[in-house]
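Trainee: Next up is a structure, given as structure tokens.
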Amino acid sequence: MQTSTSTSGQQPLWHLLAPRYTSDRERLAAYLALETAEVLAGVKPANLLNMPKKRHRLEYNFYSAWQEHGREILETTGLQVEIMADRAGSLLLFIYRTDSLQALLERTTVRSFLRKAGYPDSFDLQMALARLKTGINATDFPHEMGVFLGYPLKDVAGFMGWVNLPSSGHALWKFYGNPERSIKLARAFRNCRQRMAKRLESCGTPFDCLRCEHFDSEQISLASN
């Protein structure tokens, strides 16, 4: 899960925003808006979110909050969710936009990559998510998950050892080869978080911010190369 930091880089954005909310429902909606900001903006097809039970300083029992309010909160947002794992201490959620994830999976380069990872020649979105879920609950984590999260194919291939490219940096993921495209994409993701943090400060309620924006399929072109 991505950790959002403030523009000063001194404190996570969520730690600055969390004290604004007193109810579990509003707090969960704000957390989802921040953690899916780049997905809502159509810049990223999906995010993985871990919803832990444990309470730490400035942390909350998002596991229970999700069980009570999660699906209802997402109902009118344009986001979809697949519960990838429900373990004793946490939920692992795959939250996505159908339009942007479908557009990504229809790209020839992505289809070729996934075929190499063992996917059939013909598969639909639900089949792909079911395969990911099976992999997550097995012994070997499906590292092709990076494709579904919108990371550049060269970086996912490099991480999986499929190509001989040098490690060249990291953000949410490791970069391989020329990092220019990866840096640009990571910056776009970070900017979405920062814009959402500002919106959450000015929105009447976090539910007003939790809405998908217009999607342009060209926005995910960086990830399919």
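Derivation of every value follows stated rules applied to the coordinates shown; laboratory data play no part. A quick note: this is a predicted structure, and the numbers were derived from the prediction, not measured. Don't worry about glycine lacking a Cβ; one is built from the backbone with ideal geometry, like all the others, and counts go over all protein chains shown.
Trainee: Can you list residues whose amide H is under 5 Å from residue 44's amide H, if they're 5+ apart or on another chain and H is modeled 1.01 Å from N?
Mentor: Here the answer is 39, since their amide H atoms fall under 5 Å of that of residue 44.
Trainee: Which order do peptides 73-81, 149-157, 113-121, 192-200 fall in by mean Cβ count within 10 Å, highest first? Intermediate results must be reported in sequence, preceding the final value.
Mentor: Values: 73-81: 17.0, 149-157: 23.3, 113-121: 13.6, 192-200: 19.2.
Descending mean neighbour count gives 149-157, 192-200, 73-81, 113-121.
Trainee: Give the peptides 24-34, 130-140 in descending order of average Cβ contacts within 10 Å, highest first. Please report the intermediate quantities before stating the final value.
Mentor: On the way: 24-34: 22.2, 130-140: 13.4.
Going from most to least packed, we get 24-34, 130-140.
Trainee: Starting from the coordinates of the alpha-carbon atoms of the chain, obtain the Kirkwood hydrodynamic radius over all distinct pairs and give the value in Å to one decimal. Numbers along the way, then the final one.
Mentor: Numbers: mean 1/r = 0.0552 Å⁻¹.
Every distinct Cα pair counted, the radius reaches 18.1 Å.
Trainee: Name the lysines eligible as straight-distance cross-link partners of residue 184: C-alpha to C-alpha under 21 Å, and not fewer than 8 places from it in the same chain.
Mentor: Counting by Cα, and skipping residues close in sequence, residue 184 has these lysines nearby: 44, 154, 174.
Trainee: Once you list every other residue whose beta carbon is under 14 Å from the beta carbon of residue 73, what net charge do they have if Lys and Arg are +1 and Asp and Glu are -1? Could you put the intermediate results ahead of the total?
Mentor: Values: positive: 25, 27, 71, 211; negative: 24, 26, 35, 68, 72, 75, 208.
Its environment carries a net charge of -3.
Trainee: Run lengths n ≥ 4 of DSSP H only: what is the helix-derived mean residue ellipticity at 222 nm for the chain, with -39500 (n - 2.57) per run over all residues, to the nearest 500? Display every interim value, and only then the final one.
Mentor: Working: 11 runs with 92 residues, N = 225.
Value at 222 nm, helices only, nearest 500: -11000 deg cm²/dmol.
Trainee: Any idea how far apart residue 160 and residue 99 come out in nm if each label point goes 7 Å out from Cα toward Cβ?
Mentor: Placing both labels 7 Å along Cα→Cβ, they lie 2.8 nm apart.
Trainee: Here is a follow-up. For the chain, what is the relative contact order in percent, using Cα pairs closer than 8 Å and at least 6 residues apart in sequence?
Mentor: Relative contact order of the chain: 28 percent.
Trainee: From the Cα gyration tensor of the stretch 127-207, with a ≥ b ≥ c the square roots of its eigenvalues, which class applies: rounded if a/c is under 1.5, or else prolate if a/b is larger than b/c, or else oblate?
Mentor: On the way: a/c = 3.46, a/b = 1.37, b/c = 2.53.
Oblate, because a/c is 1.5 or more while a/b does not exceed b/c.
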